[in-house]
Structures are given as C-alpha cells and as structure tokens.
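The numbers here are math on the coordinates, done by the rules we state, and not lab data. Worth saying up front: this structure is predicted, and the values here are computed from it rather than measured. Backbone-built Cβ (ideal geometry, glycine too); neighbour counts: all protein chains shown.
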Amino acid sequence: MADPLGWDGYTASLAGARERAGTDEAVVCERAKFGVHEAVVIRFEFGFLGGSVGTGTGALIGEALDQARKLRLPVVSLLSTGGTRMQEGVPALRQLQRIARGLALLREEGLPHIAVARHPTTGGVWASLGADADVVLAVPGAQVGFAGRRVREERYADDPAYTAENQYAAGYVDELVTEDVLDERLEAWLGLLTGGARNRPADLPRALGALDSARDGWHAVQRARSADRPRAGAYLDDYFDTRASLRGGTDDGVLCGIGNRAGRSVAYAAQSGTATTPGGFRTATRLIRLADRLGLPVLTLVDTPGAAADPAAETAGAGNAIAELFGTVAAAGVPITTLVIGEGGSGGALAFCSADRIWLTPDACFSVIAPELAARILKRGPGGIPALAGKLKPRPEDLLGLGAIDGIAGSEPVSFVR
C-alpha cells in the first residue's frame, strides 16, 4: 500500500526520494560483521523523506527482525529519523506496533538488540525501535527525543532536553559514542551481550580489604563504613578484564553493566557505599532482566547503609522499586552470585542479594537495621549504640554461624564450578 491516503504528489515524492537517496525505502536492512560478530543491521537513510517510517519501511523492518530470529543473530539499529510518515497516515503509524511485536519476539528468543541514536532520532521510531533496545548508544550532539524540532513549541526548539547528552544524563542512553569509534564499540558490546554461559555461576571475587576478623559488632560496622576501604569500582576493576556500563536511572551510587572475565561475559550490579535510590534499584532490575534473557550470570556487590529514606525517594516509589528488584532476583533463571564488600544495610542491601549464594568479605557487615536506628527505635542514647551493634550480630563470623550467609571471601577468587 504505497499511497494509502492518495496524498497529492506523494507518488512523485517517493520517486524523487529513491533517486536522491539511492535506496528503495527509508531503511536498508542487511547482514554485517563487527569484528568477528555478525548481526542483522537496520540502517535508516535520513535523505529518504527524513528517514520516516511508512508501510513499506515497517515491512522491511519486520522482515529484518524475522530474519534475525531465524538466523539466531543479534540486531543493530542505526537510527536517523523524524518519525512516522505523515503522508501515509494511520497505516504508517501502526507500523510502530509491528516493530514492537518484532522486538518482543526477538527478546523471547534471547537475542540482543543494540540501537544507535544518530542525528536526528525523534518520534515514534525513538519510542519503539530506539529507547527500548537492550543497549542504547547515541552520537554526541544528536537531537534525540520523542518530540521532533518541528512539532514542539518554538520556545523549546533548541532546548538541551532534546539532545543525546541529556538523554544520557537522565539514564535513557547507556553510552555516548562518536561516529569514528562506533564500529569498535558495537564490536565490544556484541561480544559482551553474546558471551554468556547460563548455567555457570559467576566466580566470587577475592577480598581486597582487611582479612582479619573484626573485634566486635561495632568495630565491624565502623570498618565497613570506612572511607579508606575498597569500594565497588576497585572490585570491578580487579575482577574484570574489560567492562561496559548500562544505565537506566540517575543513581551514581549503583554501577551496572556487563564485563568480560577470562573470555566469559558476566553481568554486574554493584552498590558503592551510598544510600540506594529508587533509580538505583530500577537500574539493577533492568540489568538482571537483561542478563536473564541473554543467559548471562550475574554478580552483585553489596555496599549501602540502606535504601534512601527521604521524601524524594518516597515520591519516586522506593517501596515499589525495591519490590520490583526482589521479584526480579527471585524469578531469574540465571545464577546470581553476591559478595557483600562493605555495609549491608537492611532491605536496601538484601534486594541486591542472591537467594542462594551470599558471601561477605572479612571487613564487611550485614544487619537487619543500623545500630543507630535500633537505638532510636528502642529509645536508647548514643552510649548504647556499640552494645546494640553487638546484639545485631553483623560480623561475617556471626552470620555464618547463624546460617544466614554461605561463606567468607578470602584473598583468592572462588569458582563455584566443580
């Protein structure tokens, strides 16, 4: 249905677009290699009617997604589009549903999809083929957003909200990539997304801090909170050969991504010592769901005084975000390995934990509640805090004796494969 609305002059416009762009439609779909990794590529041609999606465009994208499933190949979408083709009306608009269905089937097959937002990437294509990809890359300086420049109010025409940089800052783009290194980054990401081993748990990292036991519960808490102790970044650098970050929220205290360890991909979600916000819990949820679809084992590193408890966190749905992460961990079909590397503070820490593989470093602690908060609840003064810390039994040795954890990490990593 090349001209469903009988739009005056549209047939001539299509012919002119084909001649100028040198393509039959606004997308070109082909198989390509990025290093050793083959993928089905959906490449938009902005010179063809602004890269807009019509019925023919939707058919080509649908066929490309079908082909990827049949060949068991990942998909790379190189976007540059103004959205849906006005001259084809609602039949063109409904191609977005066709695209969404194709992507859903791709996810069901455990095949990854990487989208690259180039200049411009707006409208329904960003809201279907772009923003919901497993990994979203964007070219710096590109216009990226749902509302294109000509459909938003003039006062917002050059607002920085509609840029790749803003989408990255807000957590909706995972990485900003310049065109000259795009192929290199796609090769790296494809290797990470396809290098999993579903049934093999991630190795346990080695302990990087103090290996001696804490004198008592209060000493354990103080040592876990020390600014001098190794944090998540140090553990991730020590554990992985290479790694790449995924976003999804605006909590810089939660680090999520996929890394390569001895030739194998492992997904990670790590707290880095701050109170975890709803955005941090949602980023971890996104990461674990992606890992589960792609068959990647998961490593979580726990280090937080607890979930953020300020009014902003409540307004953002702290309880809902924690519940969602608890449910995602419980439902995951891939193995999850947890190492508590600092303070394990109540439910905000436990939400990041594996259900069957929790270890602590010797200089970490884990408690049902912070001793200061326990003192507040029990109406005891500051002088009673150290004794309460001991009663909560937060030391690794205490927790192992209670059967609440599986072990204490040492100076060497532990493999769970026998």
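Of note:
- Label point 7 Å beyond Cα of Leu71 along Cβ direction - residues of segment 33-60 with amide nitrogen under 20 Å: 33-45, 57-60
- Once the C-beta distance of Ser245 and Thr274 is scaled by a Förster radius of 25 Å, the resulting FRET efficiency is 0.90 to the nearest 0.05.
- Label point at Arg264 placed 7 Å out along Cα→Cβ; residues across segment 404-418 whose backbone nitrogen lies under 16 Å: 413-418
- Linear extension gain, Phe416 paired with Lys379, 0.36 nm per residue minus alpha-carbon span: 8.9 nm
- For the listed peptides 29-38, 263-272, 226-235, a ranking on the average number of other beta carbons within 10 Å per residue, highest first, reads 263-272, 226-235, 29-38.
- Around the amide H of Phe34, modelled in the peptide plane, lie the amide H atoms of Ala39, all under 5 Å away and 5 or more residues distant in sequence or on another chain.
- If you look at the Cα atoms of segment 10-193, you get an Rg and a Dmax of 15.7, 47 Å.
- Comparing Pro362, Pro160, Pro120 in a Gaussian network model of the chain, where Cα atoms under 10 Å apart are tied by springs, the biggest mean-square fluctuation is seen for Pro160.
- One Cα centroid belongs to segment 361-376, the other to segment 56-90; the line between them spans 52 Å.
- Segment 340-349 - phi-based ³J(HN,Hα) in whole Hz, Karplus 6.51/-1.76/1.60, Gly and Pro as x: 7, 10, x, 8, x, x, 6, x, x, 8
- Taking 0.36 nm per residue of separation and subtracting the current Cα-Cα distance, fully stretching the chain between Asp356 and Glu397 would add 13.0 nm.
- The convex hull drawn around the Cα atoms of segment 217-408, when projected onto a plane and averaged over every direction, covers 10.7 nm².
- Relative to the compact-globule estimate of 2.2 N^0.38 Å, the Cα radius of gyration of the chain comes out at 1.13.
- Note on the chain: antiparallel DSSP beta bridges, both residues inside, total approximately 40 percent of the bridges counted.
- Couplings 3J(HN,Hα) for segment 170-180, derived from phi with the Karplus relation 6.51 cos²θ - 1.76 cosθ + 1.60 (θ = phi - 60°), are 7, x, 9, 10, 7, 7, 8, 10, 6, 4, 5 Hz, where x marks Gly and Pro.
- Alpha-carbon centroid distance for the pair segment 188-228 / segment 251-306, whole angstrom: 12 Å
- Between Arg155 and Ala387, the distance separating the two model label sites (each 7 Å from Cα on the Cα→Cβ line) works out to 6.3 nm.
- Our coupling estimate for segment 373-382, obtained by passing each phi through the Karplus curve with A = 6.51, B = -1.76, C = 1.60 and θ = phi - 60°, is 6, 4, 5, 5, 5, 8, 6, 10, x, x Hz, Gly and Pro reported as x.
- For a label point 7 Å along the Cα-to-beta-carbon line of Asp24, residues of segment 96-117 with backbone N under 20 Å: 99
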